[in-house]
Structures are given as C-alpha cells and as structure tokens.
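Below you'll find the structure, written out as structure tokens, and then a few comments.
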C-alpha cells in the first residue's frame, strides 16, 4: 500500500543523446550499450534525450516509453549493416560505425556489448522535410528505396510504415 510518503517505483532512464532525432522520428529500434545486461524482455524504460551530465537547473527531457524485445551480448565488430540502419545511421558503413561506437564508448572492436532491440509505446512525430534532407545527405543510393517523392532507409520497418501511411494519406 502506498502512503503519501512512499514512492512509486521509478522507470529506468535510457539516454539517446547521440540519436535523439532518430528516436523522436521513429527511425531507431536497436541500440548497443556497454553494460545494461540486467535488462529483460518486456521491461519498460523511459527514453530520454540526456540522463547524465545535466547542469544545475536542467531537467531530463523524455522522448517516450520503450519496451525491451530482446537483449543479447555480442562483439562490437560483429555488427551487421541491417543493424547499423536500425541504429539510425544509414550513412555509415560497418567499419565507420564500429570506429564511431568504439570512440564514443572508449572501447575496442572486440569488446562485448549488449544489443538491445525495442519497440516504442508511443506514436512517432511527423518527420520534417529539413530533417529528411539532413538524414540522407551522405547515404549511398543503394541503401535507400524510393516511393514516389519519399524514401526509406533499407530495412527500417518503422520508417517504411510511416512513409506508407503518409503516402496513403495524400489526395
């Protein structure tokens, strides 16, 4: 029983500071983390823009609630192109992604990390045109499929779903 002095259990925060736009627009459903091995299937997490290093007076900015679908341990260097796209980086090759990830996390390519697949429990925001142009600026053409005037990165089902919905809503 909760009293006025008891606290509700808090949902664990998971930061997406390097991929905030991808999370906000529903273009990401996989993340790799050092640690986080205690996660379990169906666990709910609060996705936030930034959780650590906040200055005095700053507040956590929520993105939305996500549900863990699976967690598995793998080496950073074992990442596949499909997962790089699902991470929200369709413009990066495997070697570039591995270098980027290792530098950001101060680890080596053969170090083990946890791959977390998740689903969002909220609706994605409409994707602004200016963000699309920035998103595909350096994406190789073979990594993009076109539907009319719209595109989606290869293998990203959330992005395809959003674009097909927009396509069907047009007069």
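The values are calculated or read from the model by the stated rules, or taken from the named source; none is laboratory data. Predicted model only: the values in this text are computed from it and were never measured. With ideal geometry, Cβ positions are generated from the backbone for all residues, glycine too; neighbour counts draw on all protein chains shown.
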(message) Which of the numbered conditions does residue 57 fail, given that it passes all the others? Conditions: (1) more than 18 Å from residue 18 (Cα to Cα); (2) loosely packed, with under 13 Cβ neighbours inside 10 Å; (3) modelled with pLDDT of 90 or more.
(response) (3)
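Of all residues in segment 108-119, which are in contact with a strand residue (DSSP E or B) (Cβ under 6 Å, 6 or more places away or on another chain) and part of a loop (DSSP other than H, G, I, E, B)?
Just the residues of segment 108-119 that are in contact with a strand residue (DSSP E or B) (Cβ under 6 Å, 6 or more places away or on another chain), to begin with: 110, 112-119.
110, the sole residue that qualifies.
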(message) Just the residues that are in contact with a helix residue (DSSP H, G or I) (Cβ under 6 Å, 6 or more places away or on another chain), farther than 18 Å from residue 15 by Cβ and not in a helix (DSSP H, G or I), please, taken from segment 87-107.
(response) 90, 92
(request) Search segment 108-138 for residues being in contact with a helix residue (DSSP H, G or I) (Cβ under 7 Å, 6 or more places away or on another chain), modelled with pLDDT under 95 and closer than 30 Å to residue 41 by Cβ, and hand back the single one that is surrounded by the fewest Cβ atoms within 10 Å (Cβ to Cβ). (result) 125
(request) Select, from 73, 3, the only residue that is at pLDDT 90 or above, loosely packed, with under 13 Cβ neighbours inside 10 Å and over 12 Å from the mean Cα position of the chain (by Cα). (result) 73
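How many residues does segment 76-86 contain that are in a helix (DSSP H, G or I) and modelled with pLDDT of 95 or more? Break it down into steps so the answer makes sense when it comes.
Keep residues of segment 76-86 that are in a helix (DSSP H, G or I), which gives 76-78, 81-86.
Of the ones still in play, those that are also modelled with pLDDT of 95 or more are 76-78.
Count: 3.
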(request) Within segment 48-88, work out how many residues are without any contact (Cβ under 8 Å) to a residue 60 or more places away in the chain and closer than 18 Å to residue 34 by Cβ. (result) 18
(message) Is it the case, given these coordinates, that residue 51 is modelled with pLDDT under 90, over 14 Å from the mean Cα position of the chain (by Cα) and closer than 25 Å to residue 111 by Cα?
(response) yes
(request) Just give me the residues in segment 9-42 being buried (at least 16 other Cβ atoms within 10 Å of the Cβ) and without any contact (Cβ under 8 Å) to a residue 40 or more places away in the chain, in sequence order. (result) 15
